[in-house]
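Asker: Please find one structure pasted underneath; my questions will follow.
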Amino acid sequence: MSHVQTKPLAFFKPLLSQVMRLIARKTRFRCRPGLAEILAENPRLVAVFNHSSPLSWLPAISLLTTQACARGGGERRPMGVMDRFFFSVPGLRRIAHQLTQTDHPLDFDELVEKFKTSEGTDIVIFPEGSNCFFGHPSEMQAFRSPRFVELAVRTSTPILVCAHRGSEKWATAVHVDPAITSLVDYLPKVVANFLGERLRETGLLTIPRIPSKLEYFEMVCELYHPILKASDLGDDPSAAREKIEQEAERVRSKLESLLAEIDAEEAHA
């Protein structure tokens, strides 16, 4: 089990508030129902974000943290979920420890057990994961895994769906010649596994840029209660997996509809 002492949102707020001021001139935040109500009524949440650019997690978690603290959620304890790749790279391992608040990547059963016995704890997930490195930043990529839905269902936890816009310019998608993608297999194993088949599938590599100050960063959140219940999963793993994937598609559709809402308002501004 983890030996990292988990820290509340209030611990991160001073730094993340400053980060938000440095990286965005203006912000806008909306939540349905109100975030204070959600935090008061739900001892646990699974917060699910679109990924946009590879560095978009920074303004996303910064804005939600400051908003949650302003609405009485300062004592809640966040736990991130990150790809095992980040724990395997020395330069990224410390960041992974801080964002996940664990000293090693938890397997699914460990995560379920830890989460369902923790009140005032929120799991933070960007389900597109490393797929954000292989597509246009303005478009949602395929979810790496739908198991965040299973986590929510098995622990009877609602999902806070968080859609954001503004950080897309922090990355550029470039086309990669198929002759070059074939060289992936000759890279160190940890890198080759990270790039995987996705680069071959999309032919795009999303290159992070040095973050410049954003003119505007906006987030719209909505509470979603999964239709699927733990009792619906049954004993057939294949049938359960299909149901979980269907529920994940409903979450994805909700994220896309919130992004479309932001885009429509921006177009009419």
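Asker: Residues of the stretch 219-246 being within 24 Å of Gly34 (Cα to Cα) and touching a Leu at 6+ places or on another chain (Cβ under 9 Å), which ones?
Answerer: Across the stretch 219-246, the qualifying residues are Met219, Val220, Cys221, Glu222, Leu223, Tyr224.
Asker: In the stretch 112-141, which residues are among the aliphatic types (A, V, I, L, M) and either surrounded by 21 or more Cβ atoms within 10 Å (Cβ to Cβ) or more than 16 Å from the chain's Cα centre (by Cα) (or both)? Spell out how you get there, then give the answer.
Answerer: First, the residues of the stretch 112-141 that are among the aliphatic types (A, V, I, L, M): 112, 123-125, 140.
Scanning the stretch 112-141 gives Val112, Ile123, Val124, Ile125.
Asker: Something else: Look at the stretch 127-154 and say how many of its residues are part of a helix (DSSP H, G or I) and more than 25 Å from Pro43 (Cβ to Cβ). Explain how you work it out, then say what you get.
Answerer: Restricting attention to the stretch 127-154, the residues satisfying the condition of being part of a helix (DSSP H, G or I) are 129-133, 147-154.
Adding the requirement that they be more than 25 Å from Pro43 (Cβ to Cβ) leaves 129-133.
So the count comes out to 5.
Asker: Right, Leu16: at pLDDT 95 or above, among the hydrophobic types (A, V, I, L, M, F, W, C) and closer than 16 Å to Val161 by Cα or not? Outline the logic, then answer.
Answerer: Values: at pLDDT 95 or above: yes; among the hydrophobic types (A, V, I, L, M, F, W, C): yes; closer than 16 Å to Val161 by Cα: no.
Criteria not met by Leu16.
For (1) without any contact (Cβ under 8 Å) to a residue 40 or more places away in the chain; (2) within 18 Å of the chain's Cα centre (by Cα); (3) not in a strand (DSSP E or B), each residue gets a yes or a no:
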site	(1), (2), (3)
Lys7	no, no, yes
Phe12	no, yes, yes
Phe29	no, yes, no
Leu39	yes, no, yes
Leu45	no, yes, no
Ser52	no, yes, yes
Leu55	no, yes, yes
Leu58	no, yes, yes
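Asker: So, in the stretch 155-174, exactly how many residues are part of a strand (DSSP E or B), among the β-branched types (Val, Ile, Thr) and either in contact with a Phe, Trp or Tyr (Cβ under 9 Å, 6 or more places away or on another chain) or surrounded by 23 or more Cβ atoms within 10 Å (Cβ to Cβ) (or both)?
Answerer: The first filter runs over the stretch 155-174 and keeps only residues part of a strand (DSSP E or B), leaving 159-165, 171-174.
Those left that are additionally among the β-branched types (Val, Ile, Thr): 159, 161, 172, 174.
Subset that is either in contact with a Phe, Trp or Tyr (Cβ under 9 Å, 6 or more places away or on another chain) or surrounded by 23 or more Cβ atoms within 10 Å (Cβ to Cβ) (or both): 159, 161.
Number satisfying all stated conditions: 2.
The values are calculated or read from the model by the stated rules, or taken from the named source; none is laboratory data. No experiment lies behind these values; they were computed from the predicted model shown. All Cβ positions, glycine included, derive from the backbone under ideal geometry; neighbour counts span all protein chains shown.
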